[in-house]
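Quick one: the structure is below, and I'll ask about it shortly.
Derivation of every value follows stated rules applied to the coordinates shown; laboratory data play no part. Computed from a prediction, not measured in an experiment: that's the story for all the values here. Cβ: placed from backbone, ideal geometry, glycine included. Neighbour counts: every protein chain shown.
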Amino acid sequence: MASDKVINVTDSAFESTVISSDLPCLVDFWAPWCGPCKAIGPVIDQLADEFDGKVRIAKMNVDDNPETPGKFGIRAIPTLILFKNGQKLDTITGAVGKGQLVALINKAL
């Protein structure tokens, strides 16, 4: 079941939602046709629930929002970028396990 804590972010809302966030923010760049993106979807939802109040979890559909992925040089999806204080902290590309994503998030805490 999809978590109601995952924010769907758009190009126009990226600055206010991610860059200006007072919390670290993990953004999942994905597309509906991407198999690996679908595979990590449930993990993203779990992380949103587990880190609620500590980290903001957002998803961006790269088909609907081409500007932001272009800015960050995203060439493959899923790509997950961790932001803290408006700066890119780290990036993971590909469908990785939950443990790797938890380790990534912990870098920002």
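With label points built 7 Å along Cα→Cβ from the Cα atoms of Lys5 and Asp64, find their separation and express it in nm.
2.2
For all pairs of alpha-carbon atoms in region 7-104, what percent lies in each bin of width 10 Å, listed from the first bin to the last filled one?
Per 10 Å bin, starting at zero, the Cα-Cα P(r) for region 7-104 comes out as 16, 56, 27, 0 percent.
Okay, moving on. About the Cα centre of region 7-104, what is the dipole size in debye to 20, counting +1 per Lys and Arg Cβ and -1 per Asp and Glu Cβ, all else neutral? Please list the in-between numbers first.
On the way: 9 positive and 12 negative charges, 60 e Å.
Its charge dipole is roughly 280 debye.
I'd like the FRET efficiency for Gln87 and Trp33, computed as 1/(1 + (r/R0)^6) with the beta carbon distance as r and R0 of 25 Å, rounded to 0.05. Numbers along the way, then the final one.
Details: r = 31 Å, r/R0 = 1.23.
Efficiency, from the Cβ-Cβ distance: 0.25.
If I model a spin label as a point 7 Å beyond the Cα along the Cα-Cβ vector, how far apart are those points for Ala76 and Leu109 in nm?
For the pair Ala76/Leu109, the computed spacing is 2.8 nm.
Now for a different question. Out of all DSSP beta bridges in region 7-104, what portion is antiparallel? Express it as a percent rounded to 5. Before the final figure, lay out the partial values.
Values: 11 of 19 bridges.
In region 7-104, approximately 60 percent of DSSP beta bridges are antiparallel ones.
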